[in-house]
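First, the structure itself, so that you have it in front of you.
The values are calculated or read from the model by the stated rules, or taken from the named source; none is laboratory data. Since we're looking at a predicted model, the values are computed, not measured. What goes into the accessible areas is simple: the full protein's heavy atoms, side chains included, and nothing from ligands, DNA or RNA. Shrake-Rupley method; radii C 1.70, N 1.55, O 1.52, S 1.80 Å.
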Amino acid sequence: MKNVKNQKCISCGKTDLSKDEIGINKKLISEDAENFYCLDCLADILEVSVQDILDKIEEFKEEGCTLFK
């Protein structure tokens, strides 16, 4: 996962979120999102495991979702 400079988690402050982290926020929360959560915080909010989110990211990539290119 490539990191995107200057993007940080709005919950914990983790910096340099990956493109996949930003993509999954846009996919699951809002395509117009400008604030993002890291995988750990997103998993807590959605009450799922980080692995569940990683599995979903791979599923969306396989489907050709443009948020993960």
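Ignoring ligands, DNA and RNA, what accessible area per residue does the chain give at 1.4 Å, in Å²?
Here the residues of the chain average 67 Å² of exposed surface.
How large is ³J(HN,Hα), in whole Hz, for each residue of segment 19-26 in order, when computed from phi with the Karplus curve 6.51 cos²θ - 1.76 cosθ + 1.60 and θ = phi - 60°, using x for Gly and Pro?
So the Karplus estimates, Gly and Pro as x, are 4, 5, 4, 5, x, 6, 4, 5 Hz.
Test of understanding: in a Gaussian network model of the chain with alpha carbons linked when under 10 Å, which of Asp40, Asp20, Asp52 would top the mean-square fluctuation ranking?
In this elastic network of the chain, the residue with the biggest mean-square fluctuation among Asp40, Asp20, Asp52 is Asp52.
A further question on this structure: From the alpha carbon gyration tensor of the chain, can you work out the equivalent ellipsoid semi-axes (sqrt of 5 times each eigenvalue) and give them in Å, largest to smallest? Don't jump to the answer; show the numbers that get you there.
Details: eigenvalues 58, 40, 23 Å².
Values for the chain, descending: 17, 14, 11 Å.
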